[in-house]
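Participant: Supplied in structure tokens, the structure appears directly below.
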Amino acid sequence: MGIFDALNTSVAGLQAQSFALQNISGNIANAQTTGYKGIGTSFVDLVPDSTTPNRQVAGSVTAYARSTISSQGTVSASTVATYMAINGDGFFSVQKASGVTDNVPVFTGVTNYTRRGDFQVNANGNLVNGAGYYLMGVTVDPKTGNPLGNVPQVLQFQNNFVPAQATPAIQYAANLPTTPSTPASSTAPAGTLLAAGGLNPSDFSQNPLPVGTPPIPFGDATVTGSAALNKAATPAPITAATTLSGASPSDSLTTNFAVGDTIVVDGTPLTFVNTGTAGNSIDVTDTVGTLLAKIGTITGVAPTINAATGAITLHTGTAANLSITSTSPAFASLGFASPVTAARTGGGTAGTGFVIANDVGVFQKETISGGAVTGFNAAGTPVNLQLRWAKTDSASLGAPHQDSWNLFYQSNPNATGTQVAWVNVGTTFTFGPNGALTSPTGLRSQSRVSPSPVNHWLRRSDTICRHGRRGNHQQHNPERLRCRPASVGRDQQQWSGHRYLFQRAVPRSCLGDAIALQRHQLPQEPRRRRLRRHRSIGTGDHRCLRHYQRLVA
């Protein structure tokens, strides 16, 4: 052996010892790992080639891992009833889940073996160890104790002590703006509920207002023509005194009505004659005012003339939609092109309390988002509950209108055609001029008029949430969800805040149970003391508690 071989032999010895130290380190690191089997180290000498025995030299060394998987490990006591250990030979038969479908594990069908026995019952009644493997076994005859069959299956037990429960109520809060900015409001005619950010039931094939709400009464709508001038020497806007025909120059229409011309208003013909005005006949020498009076008699509302432009405004009235046709060339001199049509406001059907899939597009344009809340169904599967708010009336329309809102939740995101997609909670929330909640009726309101908004808590059962409303400031303060532990309300005494607040618990089944109003205020305590006091109240969601701490800060 030369010097180079001697060095290689020394390095091999160091590598073998390093391998042994690695195994020792791993054994120490897994000293508390359930079911872990230590790994030993075996050293094996390497004999080099030699031509004669008396020239044989000492060889090198290498190290191999020695498994102890078949040896008995230490059994540790535990207070968990489902922990198990095997005393002697044997392994647990287990399988690994490859995924989860409908909250049920899906297995690969490959059986594995382990000595790790820290099994615990999961939500589905399976015994799963700390490594995520599911215990397998065979059915046992309850009388003899003998196994029935020899093919193990993944075990599942009746897990009655941890049943899944559907969410009975949700905690929800939102800020409502005074004037919602909906996609439909920007293009709606001024002075209408749509322009005020509201919902127009007439735009829906099924009225989405609460069940039993009567159809909206028909209202008068208008349509205005273009500017109209006479044929005087200096043309001026037409007036009620402008004649229907005449020589030029004169205060008459630019194009004369002739005998035999007709104008049909809502199916009733007005005929032009030269024998005098009577009934539905109008003399061609009569005035624009007479013609407009005849039209007003049919529609129920007299048309008007803009004195500055001569533009005529026609009204539908409430009896029927407006429809005016004429083949006379003179009709254009009134500022209109035939035909002239306009639909009345209001009408439709009684409230159904839902929105069908065909109306979802309109519904989303006339409502604002209310966020979402996650609940759970009877199988324990999470359900995302989408919410939207619709303003159903606006005080900006004048008396007797009031600011009123309806809340909707999405019942079927995959609805098509006439299937129900959204459901109205069934309660109309109405606010007075000072922002105080005035409806639902029968609620105890203790609001006060002050420069800053008034605080209200709307309460049902033992769940409490906030619903805020802040005048015009809401345009810079989008809706947001907040909640707090229900038990806090029982301790509140005094608080001066800056929001109109109410809460509503919404049962998953109907989201429309009766509610009662109660006003609470926080105690006037030092900030640090208040945070310390209320941090210990309730065991609710950390997010709720965090929002509540920010609320009282």
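The values are calculated or read from the model by the stated rules, or taken from the named source; none is laboratory data. Nothing here was measured: the structure is a model prediction, and the numbers come from that model. Backbone-built Cβ (ideal geometry, glycine too); neighbour counts: all protein chains shown.
Participant: Write out, first by first residue and then by second, each pair whose Cβ atoms fall under 7 Å of each other, whose residues are 6+ apart or on separate chains, and whose first residue, in the range 85-111, is touching a residue at least 40 places away in the same chain (Cβ under 8 Å) while the second is hydrophobic (A, V, I, L, M, F, W, C) and in a loop (DSSP other than H, G, I, E, B).
Facilitator: Gln95/Val110; Asn103/Ala379
Residues checked against (1) surrounded by 15 or more Cβ atoms within 10 Å (Cβ to Cβ); (2) assigned by TED's automatic domain parsing to the domain that holds Ile282:
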| site | (1), (2) |
| --- | --- |
| Val211 | no, no |
| Pro235 | no, yes |
| Pro249 | no, yes |
| Ser252 | yes, yes |
| Val259 | no, yes |
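Participant: Looking at Ala320 and the list (1) under 30 Å from Val423 (Cα atoms); (2) free of Cβ contacts under 8 Å to residues at least 60 places away in the same chain, which single condition is not satisfied?
Facilitator: The single condition Ala320 does not satisfy is (1).
Participant: Further question: Please state which one of Ile324, Ile368 is aliphatic (A, V, I, L, M) and closer than 30 Å to Thr254 by Cα. So that I can check it myself, show each step before the final result.
Facilitator: On the way: Ile368 fails: closer than 30 Å to Thr254 by Cα.
Within the list Ile324, Ile368, the selection yields Ile324.
Participant: Here's something else I'd like to know. If we keep just the residues of the range 271-289 that are among the polar types (S, T, N, Q) and touching a strand residue (DSSP E or B) at 6+ places or on another chain (Cβ under 6 Å), which is surrounded by the most Cβ atoms within 10 Å (Cβ to Cβ)? I'd like the intermediate steps shown before the answer.
Facilitator: First, pick out the residues of the range 271-289 that are among the polar types (S, T, N, Q): 271, 274-275, 277, 280-281, 285, 287.
With touching a strand residue (DSSP E or B) at 6+ places or on another chain (Cβ under 6 Å) added as a condition, the list becomes 271, 277, 280-281, 287.
Numbers: Thr271: 14, Thr277: 18, Asn280: 15, Ser281: 16, Thr287: 20.
Per the criteria, the residue is Thr287.
Participant: Next question, about the same structure. List, please: which pairs have Cβ atoms under 8 Å, are six or more places apart or on different chains, and start with a residue in the range 353-366 that is within 13 Å of Asn207 (Cβ to Cβ) and not assigned by TED's automatic domain parsing to the domain that holds Gly426 and end with one that is surrounded by fewer than 20 Cβ atoms within 10 Å (Cβ to Cβ) and at pLDDT 95 or above?
Facilitator: Sorted first by the residue in the range 353-366, then by its partner, the list stays empty.
Participant: So for the range 230-250 (the condition being touching a Pro at 6+ places or on another chain (Cβ under 7 Å), assigned to a loop (DSSP other than H, G, I, E, B) and of a type in the set (A, V, I, L, M)), does at least one residue qualify?
Facilitator: First, pick out the residues of the range 230-250 that are touching a Pro at 6+ places or on another chain (Cβ under 7 Å): 231-233.
Narrowing further to those that are assigned to a loop (DSSP other than H, G, I, E, B): 232-233.
After this cut, where a residue has to be of a type in the set (A, V, I, L, M) as well, the list is 232-233.
Checking the range 230-250: at least one residue is touching a Pro at 6+ places or on another chain (Cβ under 7 Å), assigned to a loop (DSSP other than H, G, I, E, B) and of a type in the set (A, V, I, L, M).
Participant: Among the residues of the range 84-116, how many are in a loop (DSSP other than H, G, I, E, B) and either aliphatic (A, V, I, L, M) or modelled with pLDDT under 90 (or both)?
Facilitator: Within the range 84-116, the subset in a loop (DSSP other than H, G, I, E, B) is 84-91, 102-103, 108-111, 115-116.
Those still in the list that are either aliphatic (A, V, I, L, M) or modelled with pLDDT under 90 (or both) too: 84-91, 102-103, 108-110, 115-116.
Qualifying residue count for the region: 15.
Participant: Keeping to the range 319-352, report how many residues are in contact with a Pro (Cβ under 7 Å, 6 or more places away or on another chain), surrounded by 18 or more Cβ atoms within 10 Å (Cβ to Cβ) and modelled with pLDDT of 95 or more.
Facilitator: Within the range 319-352, residues that are in contact with a Pro (Cβ under 7 Å, 6 or more places away or on another chain), surrounded by 18 or more Cβ atoms within 10 Å (Cβ to Cβ) and modelled with pLDDT of 95 or more number 1.
Participant: With Thr243, Thr268, Thr222 as the choices, which residue is within 25 Å of Gly335 (Cβ to Cβ), at pLDDT 95 or above, touching a strand residue (DSSP E or B) at 6+ places or on another chain (Cβ under 8 Å) and β-branched (Val, Ile, Thr)? So that I can check it myself, show each step before the final result.
Facilitator: Numbers: Thr268 fails: touching a strand residue (DSSP E or B) at 6+ places or on another chain (Cβ under 8 Å); Thr222 fails: at pLDDT 95 or above.
On inspection, the qualifying residue turns out to be Thr243.
Participant: Could you identify the single residue in Ala190, Ala232 that is under 25 Å from Gly432 (Cα atoms), without any contact (Cβ under 8 Å) to a residue 24 or more places away in the chain and over 21 Å from the mean Cα position of the chain (by Cα)? Before the answer, list the steps.
Facilitator: Values: Ala232 fails: under 25 Å from Gly432 (Cα atoms).
Of Ala190, Ala232, the one residue that is under 25 Å from Gly432 (Cα atoms), without any contact (Cβ under 8 Å) to a residue 24 or more places away in the chain and over 21 Å from the mean Cα position of the chain (by Cα) is Ala190.
Participant: With the structure loaded, tell me whether Gly371 is in contact (Cβ under 8 Å) with a residue 12 or more places away in the chain and part of a strand (DSSP E or B) or whether it fails that test.
Facilitator: Details: in contact (Cβ under 8 Å) with a residue 12 or more places away in the chain: yes; part of a strand (DSSP E or B): yes.
Judged against the criteria, Gly371 is a match.
Participant: Residues in the range 137-157: is at least one assigned to a strand (DSSP E or B) and among the hydroxyl-bearing types (Ser, Thr, Tyr)? Before the answer, list the steps.
Facilitator: Within the range 137-157, the subset assigned to a strand (DSSP E or B) is 137-140, 147-154.
Now narrow it down to the ones that are among the hydroxyl-bearing types (Ser, Thr, Tyr): 139.
Yes, the range 137-157 contains a residue that is assigned to a strand (DSSP E or B) and among the hydroxyl-bearing types (Ser, Thr, Tyr).
Participant: If you don't mind, another one. Please note which strands (runs of 3 or more DSSP E) are completely contained in the range 305-352 and include at least 2 residues that are touching a helix residue (DSSP H, G or I) at 6+ places or on another chain (Cβ under 7 Å). Lay out the reasoning, then the answer.
Facilitator: Details: elements: 312-315, 322-326, 340-342, 345-347.
In the range 305-352, the matching strands (runs of 3 or more DSSP E) lie at 312-315, 345-347.
Participant: Still on this structure: Consider the range 1-40. How many of its residues are under 30 Å from Ala85 (Cβ atoms) and not aliphatic (A, V, I, L, M)?
Facilitator: Counting residues in the range 1-40 that are under 30 Å from Ala85 (Cβ atoms) and not aliphatic (A, V, I, L, M) gives 14.
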